[in-house]
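Rule-based calculations on the coordinates, nothing more; no lab input. Predicted model, so just to flag it, every value in this text is computed and none were measured. Positions of Cβ are generated from backbone atoms using ideal geometry, with glycine treated the same way; all protein chains shown enter the neighbour counts.
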Amino acid sequence: LRGAPRGLPPKRRIAHVDHVIAVSSAKGGVGKSTLAVNLALAFSRHNLRTGILDTDIFGPSVPTLLNLADASEPEVTNRGSLVPLQSYGLKSMSMGYLLPSEAAPVAWRGAMVQKALHQLLHEVDWSPKLDILVLDLPPGTGDVQLTIGQQVELSGAVIVSTPQDIALKDAVKGVGMFNQMKIPVLGLVQNMSVFVCPKCGEETRIFAHDHSGGEGKVQIQDMNIDLLGNIPLDPSICHDADAGKPTIVAEEASGMSVNTKYYESIA
Ligand code: ADP
C-alpha cells in the first residue's frame, strides 16, 4: 500500500459530485448503513443536494432502508449511464436496484466485482450536480474498500463503531487503511452508545468502556480521533429502518424529534 501501486489508474473524481464522504466500519452490524442513510438525509435537510451510493455489492442495504427494494430498474441515459432513483429527497444507486434479490451475487470472481464497482462509481449520472455523495462502504478492509480508496477522490471518511472494546480495536484497522491511502479520517461515530429506557428514561451504557481521549476525542489505542457524535441504542431506530423509513423521515412524519438531533449534529 506504500504510495500508489504501479499500473493503477490515477484517482478519479466521481462526475457531477463536489464532495464524496465514505462511511466505513470494521465489521458488519454496527449500524453503518443506518448512519450513512440518516447522515445523507441530514445533509439534504440542510439544502445540500445529496446522494447515497451503496457500494456493498454482496449485501446492499440501501434499497430496503429507502423503501426502494421493489422499485423498478434504473433508467439508462443515451450515454449509457444509470439514472439514480429518488426517495425522501435523496438520489441513490445500489447493486440492489440492478439485480433482483434472487439473482444477487454469491460467489463472483474479483473481475466481476470490479466491473460492478466501476459501474456504480463511474457510470451513474448524478447530474445536474450533487454537493455531497455519501458512500456506504461494505464492512471491513477488503478489495472493494481498497479499490475505492485508491481510485476515487474522497473528501474524507467517517468510521462507525460500537463502543465495545473489540469493535474499537477493529476500528484501528479502518483508520490505518485510510491513513495509508492518505484519505482524511473525519472522525468516529459511536453507535449504540447508551440505551435509554423508553419507560423511565434511565440511560444504561451497554458497552461500559471509557474511550475518552479528551473533549470531543476518542482514544483508540494510540490514535486520537475526533468523536463526531454518539447515537443511542434505540429500538425505534431499528424499527424505522426495517420499515423503510429512516429515523429522520419517520420523525419528520410523526412530528416527534427524538433521535434526529444526533444525526444532525454529526452532519
Ligand atoms: P451495518 O451497515 O453496520 O451492517 P446496519 O445499519 O444494517 O449495520 O444496522 C444493523 C442493525 O442494527 C439494523 O437492524 C439496524 O436497524 C439496527 N440499528 C442500527 N443503529 C441502531 C441504533 N442506534 N439503535 C437501534 N438499532 C440500530
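Points worth noting:
- In the chain, the calculated helix contribution to ellipticity at 222 nm averages -9000 deg cm²/dmol per residue, counting -39,500 (n - 2.57) for every DSSP H run with n ≥ 4.
- Between Glu73 and Ser265, residue separation times 0.36 nm minus the direct Cα-Cα distance comes to 65.7 nm.
- Given their separation in residues at 0.36 nm each and the Cα-Cα distance between them, Ser257 and Ser127 gain 43.6 nm when the chain is fully extended.
- For the chain: rounded, prolate or oblate by the Cα gyration tensor [a/c cutoff 1.5]: oblate
- Evaluated over the stretch 17-266, the count of Lys pairs having alpha-carbon atoms less than 21 Å apart is 18 (only pairs 8 or more residues apart or interchain).
- The ranking of Lys11, Lys245 by Cβ neighbour count inside 10 Å, starting from the fewest, reads Lys11, Lys245.
- Using a Förster distance of 41 Å, the FRET efficiency for Cys200-Lys115 (Cβ separation, nearest 0.05): 0.15
- In nm, spacing of pseudo-spin labels at Lys169 and Lys217 (7 Å Cα→C-beta vector): 2.3
- Most tightly packed first, judged by the mean number of other beta-carbon atoms within 10 Å of their residues, the peptides 71-81, 247-257 read 247-257, 71-81.
- Share, in percent, of DSSP beta bridges within the chain that are antiparallel, nearest 5: 25
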